[in-house]
Amino acid sequence: MISFDQIKRDPAIRTYIAQADASMAALGFTEHSFAHVGRVSEAAGYILEELGYPARQVELTKIAGYLHDIGNLVNRVDHSQSGAVMAFRLLDNMGFPPEEIALVSTAIGNHDEGTGVPVNAESAALILADKSDVRRSRVRNKNPHQFDIHDRVNYSVTKSDLKIDPAHTAIWLMLEVDPAFGSIMEYFEIFMDRMILCRRAAEKLKLEFKLTINGHQLI
């Protein structure tokens with residue numbers, strides 16, 4: 001079985017991730033490179049591991065997290081679907097069995113809030129991990145006077161934690177926000193669809209989705 005660590009070291013995959021992020025940079029989007037996919041893969045794996053899923057299923061979910069944005073290499077539009085097709089080919093060429101390719105491709109193809117649906121545990125974990133990666137270090141533009149709303153919201157988040165409660169009844173996204181750069185209203189203005197998808201993903205895992213900002217529960 002090919003491991004998550006082998007996927008991370010694969011030269012072709014690293015090239016695709018880097019070029020996909022370069023395309024995002026050219027379009028003015030926040031960071032989608034190794035920092036993002038690394039955090040997403042670890043968070044997605046944490047969710048299923050914490051809930052007691054088998055070790056290989058956890059590892060496949062981490063692989064899906066690492067590969068989930070490679071479709072941006074093709075185009076930002078429908079990047080989840082193109083990314084799923086790219087992952088299918090990559091994993092097939094590496095000798096992954098069909099049942100594992102199916103899980104990874106399904107998760108990647110359903111992670112975007114535009115068309116995604118948490119159809120299985122892997123896709124649900126990937127959605128929650130991806131949509132929770134809001135942080136200051138994702139902002140490329142370092143001049144606050146030139147920030148758009150996405151820059152302001154991401155730059156305003158000084159800390160972000162995603163945790164499942166000990167009773168395994170809820171998953172909490174806990175944010176600390178500096179209001180000098182972005183307001184809570186702006187957060188919901190651009191992330192409402194993502195939070196709704198997170199709630200559906202949590203329900204797939206038999207959890208409630210909870211959001212706190214500066215210690216105040218909002219969802």
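In summary, residue 173 fulfils each of the numbered conditions (1) assigned to a strand (DSSP E or B); (2) touching a Gly at 6+ places or on another chain (Cβ under 6 Å) with the single exception of condition (2).
Specify which of the listed residues (180, 202) is at pLDDT below 95 and small (Gly, Ala, Ser).
Result of the check over 180, 202: 180.
The helices (runs of 4 or more DSSP H) located wholly in the range 1-111 that include 3 or more residues which are over 29 Å from residue 167 (Cα atoms) and open to solvent by 60 Å² or more (accessible area, probe 1.4 Å) occupy 4-9, 11-27, 79-94.
Check whether at least one residue in the range 159-171 is of a type in the set (S, T, N, Q), under 21 Å from residue 41 (Cα atoms) and without any contact (Cβ under 8 Å) to a residue 40 or more places away in the chain, and report yes or no. The answer is yes, given that some residue of the range 159-171 is of a type in the set (S, T, N, Q), under 21 Å from residue 41 (Cα atoms) and without any contact (Cβ under 8 Å) to a residue 40 or more places away in the chain.
The conditions of being farther than 19 Å from residue 39 by Cα and touching a residue at least 12 places away in the same chain (Cβ under 8 Å) are met by residue 73.
Comparison of 210, 159 shows that the only residue that is of a type in the set (Lys, Arg), in contact with a strand residue (DSSP E or B) (Cβ under 7 Å, 6 or more places away or on another chain) and crowded, with 18+ Cβ neighbours inside 10 Å is 210. For residue 35, the conditions (1) free of Cβ contacts under 8 Å to residues at least 60 places away in the same chain; (2) farther than 17 Å from residue 122 by Cβ are fulfilled apart from (1). Being small (Gly, Ala, Ser), open to solvent by 60 Å² or more (accessible area, probe 1.4 Å) and over 24 Å from residue 42 (Cα atoms) is a property that holds for residue 180. Is there a residue being more than 23 Å from residue 173 (Cβ to Cβ) and of a type in the set (Val, Ile, Thr) anywhere in the range 33-44? Within the range 33-44, not a single residue is more than 23 Å from residue 173 (Cβ to Cβ) and of a type in the set (Val, Ile, Thr).
Could we say that residue 20 is modelled with pLDDT of 95 or more, closer than 20 Å to residue 137 by Cα and either of a type in the set (S, T, N, Q) or in contact with a Leu (Cβ under 8 Å, 6 or more places away or on another chain) (or both) here?
yes
I'd like to know if the range 142-154 contains one or more residues that are surrounded by fewer than 21 Cβ atoms within 10 Å (Cβ to Cβ), in a loop (DSSP other than H, G, I, E, B), among the basic types (Lys, Arg) and at positive phi.
no
The values are calculated or read from the model by the stated rules, or taken from the named source; none is laboratory data. The model shown is predicted, which means the values in this text are computed figures rather than measured ones. Neighbour counts are summed over all protein chains in view; Cβ atoms, including those assigned to glycine, are modelled from backbone coordinates with ideal geometry. What goes into the accessible areas is simple: the full protein's heavy atoms, side chains included, and nothing from ligands, DNA or RNA. Shrake-Rupley method; radii C 1.70, N 1.55, O 1.52, S 1.80 Å.
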